[in-house]
Every structure is written in structure tokens, then in C-alpha cells.
Amino acid sequence: MQIEWIHAFLAVVDRGGFTAAAVHLYRSQGRISSHIASLERELGAQLFDRDQRPARLTAAGEALVTHARAMVEELDAGRAAMASVQGLIRGDVTLATYPSAGAAFVPEVLRRFSEDFPGIRVELVEQAVRGIDRALDQGPALLAVRPTLPPPRSTHSLSHRLLWREPMCLVVPLGHRLADQETAALADLRREQLVVSGHDLRYDTEAFRLLTRKSIEPQIRFLSDQPQILVGLVRSGLALGFTNRLAIDSVRTDGVAVVGVSPRVYREVGVYWAPALAGSPAASALLETLLGTPVPDTTIDLR
């Protein structure tokens, strides 16, 4: 059995198909298929149902996933242990994050990290909050930068440290009655249709939790985890946007106005990590870099 077969298997699982796995591993799709076929012959079991589109894991494939990850983690740990004896840190580490932090904070983290640890390869997983939680709970991520709300869903006992607090704001189309105001009263949102950050559970979104804490029950019309889509919906007059300041700082805002809210509402962001991080020198080094990197200018440092 070759470790490259295991890497191919996990790439198909994590990327959702053979084509995406080939792109991720910089291999041809034929090579990925060949690795999976070799692994199936070695194990004497079919791992994927190729009649489905995309291919789905069989029961045998589902049973292999946890053990395959353990194989890769043990090999990485062995390499890291050897490197540490030689005074080096090498390996791979996956960091999960969301779009606005990925644009405003993570690049400086990686710049500092690559200077200090050129032998470590960092893979970024950019997802909505629940996707971040899946990556942290099931792999491949050992640490993640995410808002504190809604709370993480995990089968592990996660550790975390707060990083920053940033103001939430209102995004309105030009010509709206609130567009010329520096701040808008939260009570004004009771009669407005809103677009907020979220994915599939509108009543378990950060915006819903923050506003209901202020006795405002929002009328959520659209959910989007992409700041540019949120602004586009507002620009078209379909709804008002309620989102974090970093998200707005990362996109074009022509055709809309950004308005503060009173009383102020804040998002808090932290770094979360799984217990397995303790066994990964590469992930531990990245955590130290995260905690030592200055937060974005428009936020309040909570460390």
C-alpha cells in the first residue's frame, strides 16, 4: 500500500469528487482514479459508488475514512518528530476561516508564518461558519478563525482564544431614508427586510442572535456568506444588509451607504483548535503566529 493512494482517497472525500481531488493534488484525474483503483484492489473492497454523480463513499469507504486520516496524521507526526530532532519544523497544516477574516487578517498571518517556518505548507479552507465547524470536527483542519456566534458544533472539546471585536453595521442603497445618517437606531430594523451572513439556518445565524439580544426580532429575507453578494442584493434594493465591518471593508461599496447602528452591536472573533493540535508541531507553530499577529485596524484587540 502506498501513502499516495491514501492521500488520493482522502482528497476525493474532502473535495467531493475525482476532478476536484486532481486539481487539489496537482495530478491528472486519470492518476487519481488509478490510485483509488489500486487501493481498492489492495483492500479487496469498493470504496466509491461511481454510478453516483458525484461519486459517493460505499459503506467500506466510510469505514476507511477515520483510519486513513489516522495513517496520514501518524506519518506527519513522525516526520515532525524527526524534523524537531534536527532543529527543524516541517509538515502540513490546514487553517479554516471565513471570507472577511481570510481577506483582512489571514494574509499577514501567513506572511509572518512563511518567514519563520518555510518548511511548513499551509492549506486554507474558506467556508461559512458551519463548514468551518465540520472541517474542525471531522478534519482536515486543526485550527480555525471564526466568529464566536453561533457557538461551534463539535464532538471534541475545543479550546479557543478571543482575537478581536468589530462593530456590526447597516448597508443601505443610496436614496434610502437611512443613507444620509451616520448611525441608525436598531429599532429602525424592525420593519426592514434584511440580508445577513449565514447559510441554511436563518434563526441560528450570528445576526439573529445579536439582534434578539437587543430585543429586535429581525425579518431575515436573504442569507449569504459572501460580502459581495450581500452588497449586490442591497444595491439592487432587495433588502438592507446587516453585517460585520471587515466584510464591508473587503468589497466595493459603490451604490450603497454604510451606516453605524445605535446602540452598538459587536461581533467577536476567536481562534479555535482541536485537542489533536497538541500532537502537531506545525499546527502549534501556526497557532502561536496567529496569536502574535496584530488584528485589523478597524477592530478591537481582545487578547
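The values are calculated or read from the model by the stated rules, or taken from the named source; none is laboratory data. As the structure is a prediction and not an experimental result, all values here were calculated from the model. Quick reminder, even Gly has a Cβ in these numbers, built from the backbone with ideal geometry, and neighbours come from all protein chains shown. Just the protein is used for accessible areas: all its heavy atoms, side chains included, with ligands, DNA and RNA removed. Shrake-Rupley method; radii C 1.70, N 1.55, O 1.52, S 1.80 Å.
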The chain accessible area per residue, 1.4 Å probe, protein heavy atoms, integer Å², reads 49 Å²
Measuring from the longest principal axis of the C-alpha atoms of the chain, the long axis of helix 3-15 (C-alpha) lies at a number of degrees, nearest 10, equal to 30 degrees
Carbon/sulfur accessible area of segment 155-286, % of total, 1.4 Å probe, equals 47 percent
Quick calc, the chain, dipole around Cα centre from Cβ unit charges on Lys, Arg (+) and Asp, Glu (-), nearest 20 debye, gives 500 debye
Computed over the chain: longest principal axis from alpha-carbon atoms vs helix 106-116 long axis, angle to nearest 10 degrees, is 40 degrees
With only helices counted (DSSP H, runs n ≥ 4, each -39500 (n - 2.57)), the per-residue ellipticity at 222 nm for the chain, to the nearest 500, works out to -12500 deg cm²/dmol
